[in-house]
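Data first, discussion second: the structure below is written as C-alpha cells.
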Amino acid sequence: MDDIFQTLGGKPRPTPDRPLLGLTILVVEDSRFASEAMRLLCLRSGARIRRADCIASAERHLTLYHPSVVIVDLGLPDGSGLDLIARIHALRPRVPVVLGTSGADPSEAEGEARVAGADGFLPKPVETVAAFQAAILALLPPEMRPGLSPHAVEGGTVTPDTLSYREDLSHAMALLAQPDPPLGYLRRFLVGVARSAQDEALEGRADALDTGLDPAGQQALRHYLSHRIAGLPLAL
C-alpha cells in the first residue's frame, strides 16, 4: 500500500512513469481535438483532468475542484483567455501553476500570456508526453515536486481520435452558417485546431479569415470543411 499511497492524506505517490500522479489539471480549451490531446497527455502522466470549454465553465471548475495546474487556451468563445489568466493569477490562494496555450505565433502569444500572469506557455501542438511533463514539473513549487526523474515514455506522442477533429470542423461550419459569423474568433479557433492536428492546408485557409471573407468566400470555406469532414479528396 505504501508504494501507491502516501501515509498521510491518501494521495497517490508519483512514480517515474507517472510523475504527475496526484495533480488535478484544469484544461480550459474550446477545441475538442486539442482537449482530447490534453486528456491523453494527462492520462499518460498520471494526472486527473477536468475540462472546461469556456470562461464561465472554467470559473465554476475553479471553485469546485481547486486544481493544482490550469492550462488556458488564449482564444475562448466567451472572452479572452488572457483575462481568465489574469483573474486566476489574482486568486488567493493562487493556483500553483498557470499555463497559457495557443496555436498563434508563440513569440507573441507567450509574451501576452506571461504579462497576464501565466507561469509558462505550451505552444500547439504539444509534441510529446515528455515535453508536457517537463513543462509542468519545472514550474511546480518545491514542496509539490515529486523528487524523482521521469522515465522516458515509450511511444511518447499522443494521437487524439479523429472524431474530435471532425466535431471541431462541424462546429466551425455552424459558426460560418450564422447571419453574422464571428470571423475573428473563428480564425483563432481554426488556426489552433489546424496546428493541433498539424493540418497545414486548413491552417492556410483559416489564415485567410484575418482579412474577412465575403459571402462567396465563406461559402467556399464551408464547402472545404464539409469535404474535409467527409474525408473526400480535396484540390488543395
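For (1) in the same structural domain as Val28 (by TED's automatic domain parsing); (2) surrounded by fewer than 17 Cβ atoms within 10 Å (Cβ to Cβ); (3) within 24 Å of Asp210 (Cβ to Cβ); (4) touching a His at 6+ places or on another chain (Cβ under 7 Å), each residue gets a yes or a no:
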{"residue": "Gly75", "(1), (2), (3), (4)": "yes, no, yes, no"}
{"residue": "Ser80", "(1), (2), (3), (4)": "yes, yes, yes, no"}
{"residue": "Ala86", "(1), (2), (3), (4)": "yes, yes, no, no"}
{"residue": "Pro96", "(1), (2), (3), (4)": "yes, no, no, no"}
{"residue": "Ser102", "(1), (2), (3), (4)": "yes, no, yes, no"}
{"residue": "Glu108", "(1), (2), (3), (4)": "yes, yes, yes, no"}
{"residue": "Lys124", "(1), (2), (3), (4)": "yes, no, yes, no"}
{"residue": "Glu127", "(1), (2), (3), (4)": "yes, yes, no, no"}
{"residue": "Gln133", "(1), (2), (3), (4)": "yes, no, no, no"}
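Selection of region 180-232 for residues being small (Gly, Ala, Ser) and in a loop (DSSP other than H, G, I, E, B) yields Gly212, Gly231. The residues of region 26-68 that are of a type in the set (Ser, Thr, Tyr) and either more than 17 Å from Asp168 (Cα to Cα) or assigned to a helix (DSSP H, G or I) (or both), listed by number, are Ser35, Ser45, Ser57, Thr63, Tyr65, Ser68. Taking the criterion of being of a type outside the set (A, V, I, L, M) and in contact with a Leu (Cβ under 7 Å, 6 or more places away or on another chain), the residues of region 82-139 that qualify are Pro96, Gly100, Thr101, Ser102, Glu112, Asp119, Gly120, Phe121, Phe132, Gln133. Selection over region 168-193 of residues that are among the acidic types (Asp, Glu) and at pLDDT 95 or above gives a count of 1.
In this structure, Val158 does not satisfy being outside any loop (DSSP other than H, G, I, E, B), under 17 Å from the mean Cα position of the chain (by Cα), surrounded by 13 or more Cβ atoms within 10 Å (Cβ to Cβ) and of a type in the set (A, V, I, L, M).
Considering region 110-122, the residues that are among the small types (Gly, Ala, Ser) and assigned to a helix (DSSP H, G or I) include one that is surrounded by the most Cβ atoms within 10 Å (Cβ to Cβ), namely Ala113. Which is in contact (Cβ under 8 Å) with a residue 24 or more places away in the chain, polar (S, T, N, Q) and out of contact with any Ser or Thr (no Cβ under 6 Å at 6 or more places or on another chain), of Ser68, Ser80, Ser35, Ser107? From the options Ser68, Ser80, Ser35, Ser107, the qualifying one is Ser35.
Yes or no, residue by residue, for (1) closer than 23 Å to Glu36 by Cβ; (2) buried (at least 16 other Cβ atoms within 10 Å of the Cβ):
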{"position": "Gln178", "(1), (2)": "no, no"}
{"position": "Leu186", "(1), (2)": "yes, yes"}
{"position": "Leu209", "(1), (2)": "no, yes"}
{"position": "Gln219", "(1), (2)": "no, no"}
{"position": "Leu225", "(1), (2)": "yes, yes"}
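Determine whether region 12-32 contains at least one residue that is under 24 Å from Pro150 (Cα atoms), among the hydroxyl-bearing types (Ser, Thr, Tyr), surrounded by fewer than 24 Cβ atoms within 10 Å (Cβ to Cβ) and at pLDDT below 95. The answer is yes; a qualifying residue exists.
Report whether or not Leu213 is more than 23 Å from Val27 (Cα to Cα), touching a Gly at 6+ places or on another chain (Cβ under 9 Å) and buried (at least 18 other Cβ atoms within 10 Å of the Cβ). In short, no. Pairing residues of region 129-149 that are within 18 Å of Glu110 (Cα to Cα) with residues that are aliphatic (A, V, I, L, M) and part of a helix (DSSP H, G or I), at Cβ distances under 8 Å and at least 6 apart in sequence or on separate chains, gives Phe132/Leu41.
The values are calculated or read from the model by the stated rules, or taken from the named source; none is laboratory data. Keep in mind the model is a prediction, meaning the values are calculated, not measured. We place every Cβ from the backbone using ideal geometry, glycine too, and count neighbours over all the protein chains shown.
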